[in-house]
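Here is the structure we will look at, set down as structure tokens.
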Amino acid sequence: MIVGISSMSINDLEFLHGAAFLRLLKGTPHISISYLSSIHPSLYLVKNTNQESAVLFKVSRKPTSSWSFSFSSQEEIALTIFHQTYPDVKVFIVLICHRDGICCLSEEQLWTIINPSEGLAKQRISVKREIRGSYYVKGTGRVPLERTIPQNNWPHVILSALNNL
């Protein structure tokens, strides 16, 4: 039995994380993925020969737009520990909107729509998408992200970060 896997059935979280990784792997064959479960169960380090980035998956099981995502104290602590351990690595927040698609924000983008003085824990963001449209992201107090996120942004945004030296 693999450590951390309690049964052979695939749960929704594993299924949706796997779908996100499959899109990433289709984008480039030369990456490695490390599971950072000692920091947080939804945090991964993605590396290629040039660079590394981290992804923190958030999942909404709501089948249709709009999707709501809240942040926990465990995620806030995990990001703090991650930044202490990997101070030069960029973090992306990967918002898996059930089976609709994936909306990926850099951590810098996240901090523009939430209140940094309140920390991350218990803050909420919402994501909505019209049919054939891009993702609209709003943070605490309904502060909108400065631009929409194209539905095909994932995995291109992480691959671009990995290829920048």
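The values are calculated or read from the model by the stated rules, or taken from the named source; none is laboratory data. Being a predicted model, the structure only gives us computed values, none of them experimental. Virtual Cβ from ideal backbone geometry, glycine too; neighbours counted across all protein chains shown. Remember, those area values only see protein heavy atoms, side chains included, never the ligands or the DNA or RNA. Shrake-Rupley method; radii C 1.70, N 1.55, O 1.52, S 1.80 Å.
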Test: residue in the stretch 74-86 that is in contact with a Gly (Cβ under 7 Å, 6 or more places away or on another chain), more than 27 Å from residue 12 (Cα to Cα) and free of Cβ contacts under 8 Å to residues at least 40 places away in the same chain: no
Selected residue (only one of 111, 154 is under 22 Å from residue 76 (Cβ atoms) and of a type outside the set (D, E, K, R)): 111
So residue 128, is it open to solvent by 20 Å² or more (accessible area, probe 1.4 Å), closer than 25 Å to residue 50 by Cα, touching a strand residue (DSSP E or B) at 6+ places or on another chain (Cβ under 6 Å) and basic (Lys, Arg): no
Checking residue 146 against (1) over 15 Å from residue 58 (Cα atoms); (2) among the charged types (D, E, K, R); (3) open to solvent by less than 50 Å² (accessible area, probe 1.4 Å), the condition it does not meet: (3)
The stretch 37-58, subset of a type in the set (A, V, I, L, M) and touching a Ser or Thr at 6+ places or on another chain (Cβ under 9 Å), residue most open to solvent (accessible area, probe 1.4 Å): 39
Residues being among the polar types (S, T, N, Q) and over 20 Å from residue 162 (Cα atoms) - total across the stretch 13-66: 6
